[in-house]
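Step one of this worksheet: look at the structure below.
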Amino acid sequence: MSAVPDEIRERAERLRAELVDHNYRYYVLSRPTVSDVEYDRMLRELERLEEAHPALVTPESPTQRVGAPVDTIAKIEHAVPMLSLGNAFDEEELREWEESLRNHLKVEALETEFVGEPKLDGVSVELVYEDGRLVEASTRGDGRVGEEITHNVRTIRSVPLELRGKSPPKRLEVRGEAIMSKAAFERLNRRLVERGEEPYANPRNLTSGTLKQLDPSLSRERPLDVFCYGIGRAEGIAPRSQRELLGLLGELGLHTNLELTVFGDLDAMAARYRDLVVTRDELPYEIDGLVVKVDDFPLRERLGTRSRSPRWAVAVKFPARQATTTVEEIKVQVGRLGTLTPVAHLAPVEVGGVTVSRATLHNADQIERLDVRVGDTVFVERAGDVIPKVVAVVKEKRPRGTRPYRFPDACPICGAAVERGEGEVAVRCPNRDCRARLAGRIEHLVSRGALDVDGFGKKLVEQLVDREMVDDVADVFRLSRDELLSLDRMGEKSVDNLLAALEVARTRPLARVLFGLGIPHVGETVGELLADHFDSLDDLVAASEEEMEDVKGIGPEVARSVHAWFQDEGHRDLLAKLARLGVRPVRAARPAVDADGAFAGRSVLFTGTLEEMTRSEAEAKVKAAGGKILKSVSKNLDVLVVGEKPGSKLKKAQELGIEVLTEEEFRERIG
Ligand code: IVH
């Protein structure tokens, strides 16, 4: 049919199989075996091959997840209605449910185990697979008719476009819950607010809004996930229990990781419920109850359904997450970047199973909007995040004589006049030496993702700062055994452990150190990109803004910020001090680099399609030969290697007088 050379077809097939497999490992098993960078590289290579040879494209290719926008959202009738669940509101009602089952069947005991699954607080969806291919996806709608959202569901990377295994079922309707993780929700909402748009109230609303967009390309920045827990019509599989069903769905490559528990009796299930009430916040996504199901499918058949919900399952809902209490005081905290955050100190109250005595008021605007005053009765809410917040004031209960809260003009810690940037909500303490900011910086440096110093908690940092035992973050490494012993709650054993942990922290990978320094815009990922490119802190200090911008994945804003940070004299002194105190970041393990290699110390860029090797293979060879890869043509580039159909890069490189190699010449150099 087409003239795609065999080796290109084979390469595309191999890439596709590998990408699908990595996707599965990453999103379904949560056990990735390649880095994101490597994954993207393979995806780009496949995209290029498919672009050059359109005959290679299949609808299930990992490159085809984002399709064209749709004009309208169509209605779809479910082959088997999607039922809802009956509710129970406490353990007592859970037991009543089981009793009602026994009564219904007129038996003494039920011959089954029970499975407990978290009740995911998302949008319930149905995925239809025919001969293993995803052909349709829809929302539950009213249970009978839902909305077609295939175009958006295809973009969800935990949803396979093709089921795994040799003989997929003829037709399979899978049911599950589409959700957005709390972390992604917060990140997105922050971005919406930055753009001056209205934030979403919760992850469920954002998930629902995302699934109903007409343009699937908008889903790219709104990562969703689907957890599967049931089936509608299924031809070709016949599981006999919930456990077996989840096992089968998992084998087909569907995401079923539901934190399942299986118990023979309801006492154990009640204990699981109590446990979830307190631990739900530790899950990365929102849940609003525990779904208890009869495990045995033949028994489910016998129990049957009522009009809208099956008898064999019940949703045990969690207690409300709002409560009212009074504000005793409003205090302002100062973070590492100087941001002032007002916090309401409350009369202790139980909210959804946890005692709360503090709640955030976010910022000055929020206090003004709510008009929160000391003495007020307020609603506090614990949402998915662990920090409770004040959501409303009960004005009717306001005592006489209260006064509107006045946000401080000076930093409550160091007294410096506070600042508020044009158009910003945050009020900041501008004093870099402010003790509160120092404490925040130390906490960040020793935190898990950074130097990860075991046993270096908040209380310890507070003491060090309050007693003026540290002037900067480097001083953490200067503390003597005696000094540490003089602190509260620090016995010989904890001091020795802490000193040992600090010793280990002196040689953390460069990426973690960069993150730990608290450079604006440098999160864990940017830290890794920088560390991967530059050999040491010294190299970073010496690097120009352009050189930083040349690093793949680093944009101009980040480059400017990092460059400015390293140019600052105070920061340079800090780095020198850290070095004196023995902090020597190490390079992450990576393939052996040849210092005398063909590209030692030189920067290389590839353009056009290579014939004999893939782009990633070629880039790896350059790195092994001591070279670096750049992402664009600039005066920092030493060598441009051109494959077939080079673009504008070649012209630009020629204009700048940069050395240009053909693929053959490149191979010769590498040897
Ligand atoms: S089973 C026939 N399992 O809860 C009943 N539902 O209130 C099928 N939900 O519409 C539902 N997590 O959207 C089931 N582990 C889970 C669930 C779950 C969340 C949702 C689902 C359903 C709603 C019912």
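Some points to look at:
- Backbone amide hydrogens, once placed in the peptide plane, bring residue 659 within less than 5 Å of 640, excluding anything fewer than 5 places away on its chain.
- For the chain, with +1 on Lys and Arg beta carbons and -1 on Asp and Glu, the positive-most of 268, 537, 97 along the dipole: 97
- HN-Hα J in Hz across segment 489-495 - Karplus 6.51, -1.76, 1.60, θ = phi - 60°, x for Gly and Pro: 6, 10, x, 3, 5, 5, 5
- log10 of Debye I(q)/I(0), alpha-carbon scatterers only, for segment 485-590 at 0.10 Å⁻¹: -0.33
- Cα-based Rg / Dmax (Å) for segment 149-264: 16.5, 52
- Anchor residue 651: lysines whose Cα lies under 19 Å away (excluding residues fewer than 8 positions away in-chain): 631, 635
- Remark: for residue pairs 182/389; 212/293; 389/459; 119/317; 182/458; 331/458, the C-alpha separation exceeds 20 Å in 212/293; 389/459; 182/458.
- Evaluated with a Cβ-only charge set (Lys, Arg +1; Asp, Glu -1), segment 17-136 carries a dipole of roughly 420 debye about its Cα centre, given to the nearest 20.
- At a Cβ-Cβ separation cutoff of 4.7 angstrom, cysteine residues of the chain with no neighbouring cysteine are 228.
- Taking packing as the residue-averaged number of other Cβ atoms within 10 angstrom, the listed peptides 392-403, 441-452, 257-268, 638-649 run from highest to lowest as 441-452, 638-649, 257-268, 392-403.
- Entry note, segment 341-452: relative contact order of 18 percent, from Cα contacts under 8 Å with a spacing of 6+ residues.
- Extension gain from residue 40 to residue 574, taking 0.36 nm per residue of separation minus the Cα-Cα distance: 188.6 nm
- For segment 362-475: rounded, prolate or oblate by the Cα gyration tensor [a/c cutoff 1.5]: prolate
- Calculated from backbone phi, Karplus (6.51, -1.76, 1.60) coupling profile of segment 179-188 in Hz, x at Gly/Pro: 9, 10, 5, 4, 5, 5, 4, 5, 4, 5
- Using C-alpha pairs under 8 Å with a sequence gap of at least 6, the mean separation divided by the residue count of the chain gives a relative contact order of 9 percent.
- Here segment 310-363 is treated as a sphere whose radius is the Kirkwood value from Cα pairs; by Stokes-Einstein at 25 °C and 0.890 mPa s it diffuses with a coefficient of 182 µm²/s.
- Legend: Rg and Dmax of segment 1-59, from Cα coordinates, 12.6, 40 Å.
- Rel. contact order, % - alpha carbon contacts under 8 angstrom, at least six apart, segment 542-623: 16 percent
- The dipole here belongs to segment 363-450: it is taken about the Cα centre, uses +1 on the Cβ of Lys and Arg and -1 on the Cβ of Asp and Glu, and is about 320 debye.
- Distance from segment 569-631 to segment 155-205 (C-alpha centre basis), Å: 36 Å
- Each residue of segment 70-86 was assigned a 3J(HN,Hα) from its phi angle through the Karplus curve 6.51 cos²θ - 1.76 cosθ + 1.60 (θ = phi - 60°); the sequence is 9, 7, 9, 9, 7, 8, 9, 8, 6, 4, 10, x, 8, 7, 10, 10, x Hz, with glycine and proline shown as x.
- Per-selection metrics, segment 15-138 (Cα): Rg and Dmax in Å: 22.6, 69
- Cα shape, segment 309-412, gyration tensor, a/c 1.5 rule: prolate
- Euclidean distance of C-alpha centroids, segment 244-307 and segment 58-132, integer Å: 11 Å
- Debye equation applied to the C-alpha atoms of the chain, log10 I(q)/I(0) at 0.06 Å⁻¹: -0.46
- Segment 397-532 shape via C-alpha gyration tensor axes, a/c threshold 1.5: oblate
- Among 132-143, 508-519, sorting by the average number of other beta carbon atoms lying within 10 angstrom of each residue, highest first, gives 508-519, 132-143.
- Rounded to the nearest 20, the Cβ-based charge dipole of segment 408-464 about its Cα centre (Lys and Arg +1, Asp and Glu -1) stands at 140 debye.
- Among 146, 294, 404 - extreme Cα towards positive end, dipole of the chain, charges at beta-carbon: 404
- Which of 223, 249, 207, positive extreme of dipole for segment 204-266 (C-beta unit charges): 207
Readers should treat all values here as calculations from the given coordinates under stated rules, not as data from a laboratory. Values in this document were obtained by computation on a predicted structure and should not be read as measured data. Methodologically, a virtual Cβ is constructed for each residue, glycine included, from the backbone with ideal geometry; neighbour enumeration extends over all protein chains shown.
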